[in-house]
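One structure is given below, encoded as structure tokens.
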Amino acid sequence: MYAQLRETAGELAGVLWREHTVYRERGGGVVIRGEHVGRWISLAPTGGENRALMRAGRLLDGGTTAPARTEVVVDLTVGTAELAAVCRRLLAEVAAAAEPVREAGRDGKKAGRTARAARPARPPRRERHTSLGSWFVLLCVAGVLGAWLYSLFGGYGY
């Protein structure tokens, strides 16, 4: 199955991106990384014959991969063009999910990206460190300890 996934991934990578890296992942699947577009695609075996789980996600700063945003089970017997179309759809969904939502301003035009407002500082906590429930538990433990000591030494008249 790995050989079929590797071959399919190589063909897909050539169709989708000029610059790509294809490598094997731990679970036996194959990953196609497009560094220049900041996206990745993975093909993993599903247990069914000629079927694979195709996932897509983003590449984060530093080269790490973000968790998959979208996934679909594909039939590997269809042509490379059909698989490339599915890949493009998944990549478009990943790109749409990565873009920030811009709301319309007062003039009806879409607002540009603005710096995020700093959160106001949290007020200092004025709570007790030991809650009422904690005091109750401490009193119960002290009572049990006192009853045990009384049963040990209380009956002998000390």
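Read-outs throughout are calculated quantities, based only on the coordinates presented, and are distinct from any laboratory measurement. On a predicted model such as this, the values are computed, not experimentally measured, just so you know. Cβ placement follows ideal geometry from the backbone for every residue including glycine, while neighbour counts extend to all protein chains displayed.
Backbone phi angles across segment 31-48, fed through the Karplus curve with coefficients 6.51, -1.76 and 1.60 (θ = phi - 60°), yield HN-Hα couplings of 10, 10, 10, x, 4, 5, 9, x, 10, 9, 10, 10, 10, 10, x, 10, x, x Hz in residue order; Gly and Pro are listed as x. Note that segment 39-82 carries a Kirkwood radius of 11.4 Å, evaluated over its alpha carbons pair by pair. If you take all other residues with their beta carbon under 12 Å from the beta carbon of Thr8, and give Lys and Arg +1 and Asp and Glu -1, the sum is -2.
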